[in-house]
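A.B. asks: Below you'll find the structure I mean.
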Amino acid sequence: MSIWNPWHGCHKISAGCANCYVYRRDESIGKDASIVAKTGDYDLPLKKNRQGQYKLTAEDGIVFACMTSDFFLEDADEWRQGCWDMIRQRQDLHFHIITKRIDRFAQCIPSDWGDGWDNVTICCTCENQDRTDYRLPIFLSLHIKHREVICEPMIGEINMEKYLAKGLIEHVSCGGESGDNARPCDLRWIQEVRRECIRCAVPFTFRQTGAVFIKDGRTYHLDRKLHISQAKKSGYSYIPNMGMADAIKYKLPDRGALFARLSRSDFRNRFHLSAKDKAYVTEKGIDTIRSHARDFVEKRLSAENPENDGKQTPMKGHPVFIAQHAAACCCRSCLEKWHNIPSGKVLTEGERSYIVDVLMDWIEREMHL
């Protein structure tokens, strides 16, 4: 990875900018980060060493542009064309441009941009639902070859599945906020975006926890050196068909506590076996119903990313279907939320057996009502 900062300084434009690390760092050395100035590294992509070789090489990896500003900042309009010229010349490098100003993109591109350049990835940031719903429709309407979404700092719950479903976003990353005044980041927010990415087969990275991290209702205050390592340790980053979720550690819930929790859910309590359902169970026998449950779990839930996940279990038609909704075993999202079984992994034999046991427990309880 390389960093290219052709100019330095920026202006805050949204909630995600409130605790900007550039402002914090500049303030610590008596500098005003709102003053935008061209840097000595403006022409870094073209700089060469004494041997006449480029200082930036493809072996160094991705070149991240404007990490202490915004590539589409108004103050930099007079300098940007020169940057495009350098990016065009260095086709051997891949440039990532991260921006909160995607609404300025169309007026800031070079005349030969066309459908986009192969060596440029545009990364649109979205810190909350408001900015997600403002920026992503614009982002998806533009001519861009490579798109990524960055939710850092993530300061609220975000739902972006309708945007991911369009198949134009190549990667999503999420992470918390650093600094003394960091706002909390909740693991539930990370998990939800991750589940959406899995359903849409989009790679996902949990980049960092941030300084204030909420997990299972508890708030943790973490040293800066732990933000990235703890996120990596969680195992929540995801690449389709790589088996990465197998490394996630979790504990199945106590059965009694699970059913007590389910009993407090208005939605789960809507489901009961009808007289017809009970008659079907009696006619077929409990062993046959268990066999049906195993079959449904295997075919509808076991895959890393089940087809039509979230909608694959009918609301009626078989006692097991009713049990799946009542016991929150109807889709992979519910399995994660209620049973702690991570999304994005192929279910093991033990996990499938556990789910079948839960379903049969519920059915047998209903049969005795």
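A.B. asks: Report, by residue number, each residue of the range 310-344 that is open to solvent by less than 10 Å² (accessible area, probe 1.4 Å), assigned to a loop (DSSP other than H, G, I, E, B) and in contact (Cβ under 8 Å) with a residue 40 or more places away in the chain.
C.D. replies: Ala327, Ala328, Ile341, Pro342, Ser343, Gly344
A.B. asks: Right, another one. What do you reckon, is Glu74 farther than 18 Å from Met1 by Cα, among the acidic types (Asp, Glu) and open to solvent by 10 Å² or more (accessible area, probe 1.4 Å)?
C.D. replies: In short, yes.
A.B. asks: Moving on to the next point. Of all residues being among the polar types (S, T, N, Q) and outside any helix (DSSP H, G or I) in the range 63-104, which is nearest to Ile138 (Cα to Cα)? Just the residue, please.
C.D. replies: By that ranking, first place goes to Thr99.
A.B. asks: Here's something else I'd like to know. Might you let me know whether the range 279-287 holds any residue that is among the aromatic types (Phe, Trp, Tyr), touching a residue at least 12 places away in the same chain (Cβ under 8 Å) and open to solvent by 50 Å² or more (accessible area, probe 1.4 Å)?
C.D. replies: Yes.
A.B. asks: Could you grab me the full set of residues in the range 179-218 that are of a type in the set (Gly, Ala, Ser) and either out of contact with any helix residue (DSSP H, G or I) (no Cβ under 8 Å at 6 or more places or on another chain) or at positive phi (or both)?
C.D. replies: Gly179, Ala182, Ala201, Gly210, Gly217
A.B. asks: Could you tell me how many of the residues in the range 14-33 are open to solvent by 40 Å² or more (accessible area, probe 1.4 Å), touching a helix residue (DSSP H, G or I) at 6+ places or on another chain (Cβ under 9 Å) and either closer than 23 Å to Gly82 by Cα or part of a helix (DSSP H, G or I) (or both)?
C.D. replies: Residues in the range 14-33 being open to solvent by 40 Å² or more (accessible area, probe 1.4 Å), touching a helix residue (DSSP H, G or I) at 6+ places or on another chain (Cβ under 9 Å) and either closer than 23 Å to Gly82 by Cα or part of a helix (DSSP H, G or I) (or both): 2 in total.
A.B. asks: Further question on the same structure: Run down Glu298, Glu307, Glu351 and say which single residue is without any contact (Cβ under 8 Å) to a residue 40 or more places away in the chain and open to solvent by 50 Å² or more (accessible area, probe 1.4 Å).
C.D. replies: Glu307
A.B. asks: Could you check the range 196-221 and list, in sequence order, the residues that are surrounded by 20 or more Cβ atoms within 10 Å (Cβ to Cβ), part of a loop (DSSP other than H, G, I, E, B) and under 12 Å from the mean Cα position of the chain (by Cα)?
C.D. replies: Cys200, Val202
Residues are listed down the side, and each one gets a yes or a no for (1) modelled with pLDDT of 95 or more; (2) among the β-branched types (Val, Ile, Thr); (3) open to solvent by less than 50 Å² (accessible area, probe 1.4 Å); (4) over 11 Å from the mean Cα position of the chain (by Cα):
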site: Ser141; (1), (2), (3), (4): yes, no, no, yes
site: Asn159; (1), (2), (3), (4): yes, no, no, no
site: Lys162; (1), (2), (3), (4): yes, no, no, yes
site: Gly167; (1), (2), (3), (4): yes, no, no, yes
site: Arg194; (1), (2), (3), (4): yes, no, yes, no
site: Ser237; (1), (2), (3), (4): yes, no, yes, no
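The values are calculated or read from the model by the stated rules, or taken from the named source; none is laboratory data. Predicted model only: the values in this text are computed from it and were never measured. Because the Cβ atoms are built from the backbone with ideal geometry, glycine has one as well, and the counts that use them run over all protein chains shown. Accessible surface is based on the protein model in full, side chains and every heavy atom, while ligands, DNA and RNA are left aside. Shrake-Rupley method; radii C 1.70, N 1.55, O 1.52, S 1.80 Å.
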